[in-house]
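Undergrad: Starting off with a structure, shown below.
Every read-out reported here was derived from the displayed coordinates using simple, explicitly stated rules and does not represent laboratory data. A quick note: this is a predicted structure, and the numbers were derived from the prediction, not measured. All Cβ positions, even for glycine, are placed from backbone atoms using ideal geometry, and neighbour counts span all protein chains on display.
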Amino acid sequence: MGIFVFLVFVRISKGSFYKDFYYFISKPFWPGQFQKEVILKSIDQESLIKLNLLKKDNIRLREILSLQESSDNDNIAAAVISRKTGSWWRQIILNKGSKDGVEIGNIVIGPGGLLGRVKNTSLLTSSVTLITSPESKLGVWLDRIQINGLLVGLGDDYPSLILYSKDADIKVGDFVSSSPASTLLPPNIPIGIVQSIDKPLKSKKTAKILLLAKPHVIDWVQILKGNS
């Protein structure tokens, strides 16, 4: 009789009692405050990531604009129209050539520092050998320990620094720039930082260098005239 009365009540109430009953028995399994905090934290992290990306885009656009506006008698702003940064050749092609005053041997820099040197030119374009290319060998300077070295491209993203002194006190994080003694580059152009140090050889030390300028993402560069 009790079951019959219950079923009649459910039918008359059109299931509302059942729904309310389910409301109470399911309440302990609802997403609690912990789940709410997790969701809010995820939203905050997403917003922070988006904000950081916007900041990086803003910095990148400012750098590009600065490069475009800073051409003068000694600098030529140029756009990268082709790149071979993932191959053995390691070069980029620019939209400025001999008619713009570009000459073989001119230094090319981008946001961050040194990229390479102009290898050849046409009337409208120029090809730049990157410092990551095996063709590249440049004199560099480590200011902290006041010593010159040789930066050699290996065909990958990390050129090798050679110091002809096994006792050189080189450390990870040391800053590398163009050497005042170099005949190919003007002095004090930023290049990179020491990322790792190889085992010392009999008469020298070698290290991998993390470049400050990233040729695979740079769209605009400056060509420094008068340094060939």
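Undergrad: To the nearest 20 debye, what charge dipole does the range 102-156 have about its Cα centre, counting +1 at the Cβ of each Lys and Arg and -1 at the Cβ of each Asp and Glu?
TA: Result for the range 102-156 is approximately 40 debye, rounded to the nearest 20.
Undergrad: Let me ask you something else. Can you tally the net charge around Pro159? Count Lys and Arg as +1, Asp and Glu as -1, for every other residue whose Cβ sits under 12 Å from the Cβ of Pro159.
TA: Result for the neighbourhood of Pro159: 0.
Undergrad: Another question about this same structure. Starting from the Cα-Cα distance between Lys137 and Leu201, subtract it from 0.36 nm times their residue separation and give me the gain in nm to one decimal.
TA: 21.1 nm is the gain from fully extending Lys137 to Leu201.
Undergrad: Long-range amide H contacts for Leu115: which residues qualify at under 5 Å (H placed 1.01 Å from N, peptide plane, sequence gap of 5 or more or a different chain)?
TA: Hits under the 5 Å cutoff: Val108, Ile109, Gly110.
Undergrad: Could the peptides 76-84, 217-225 be put in order, highest first, of the mean number of other beta-carbon atoms found within 10 Å of their residues?
TA: Order by mean packing, descending: 217-225, 76-84.
Undergrad: Under a point spin-label approximation (7 Å from Cα along Cα-to-Cβ), what is the Ser98-Asp219 distance to one decimal in nm?
TA: 3.1 nm
Undergrad: Please give the net charge around Trp89, taking every other residue with its beta carbon less than 11 angstrom from that of Trp89, where Lys and Arg add +1 and Asp and Glu add -1.
TA: Net charge around Trp89: +3.
Undergrad: What nm distance separates the two modelled labels at Asp156 and Trp89, each placed 7 Å from Cα along Cα→Cβ?
TA: With each label placed 7 Å out from Cα toward Cβ, I get 2.3 nm.
Undergrad: Turning to a different aspect of this structure: Could you tell me which of rounded, prolate or oblate describes the range 116-166, using a ≥ b ≥ c as the square roots of the eigenvalues of the alpha-carbon gyration tensor, with rounded for a/c under 1.5 and, failing that, prolate when a/b is larger than b/c and oblate otherwise?
TA: The shape class here is prolate.
Undergrad: Enter the per residue convex hull volume of the range 137-211, computed from alpha-carbon coordinates, in Å³ rounded to the nearest integer.
TA: 82 Å³
Undergrad: What's the extension gain from Ala181 to Ser82 if we count 0.36 nm per residue and subtract their Cα-Cα distance?
TA: Full extension of this stretch gives 32.4 nm more.
Undergrad: Give me the distance in nm between label points sitting 7 Å out from Cα along the Cα-to-Cβ direction at Asn120 and Asp167, one decimal.
TA: According to this spin-label approximation, the distance is 4.7 nm.
Undergrad: Which ordering of Glu103, Glu135 is given by a fewest-first count of other beta-carbon atoms within 10 Å?
TA: In order of increasing Cβ crowding within 10 Å: Glu103, Glu135.
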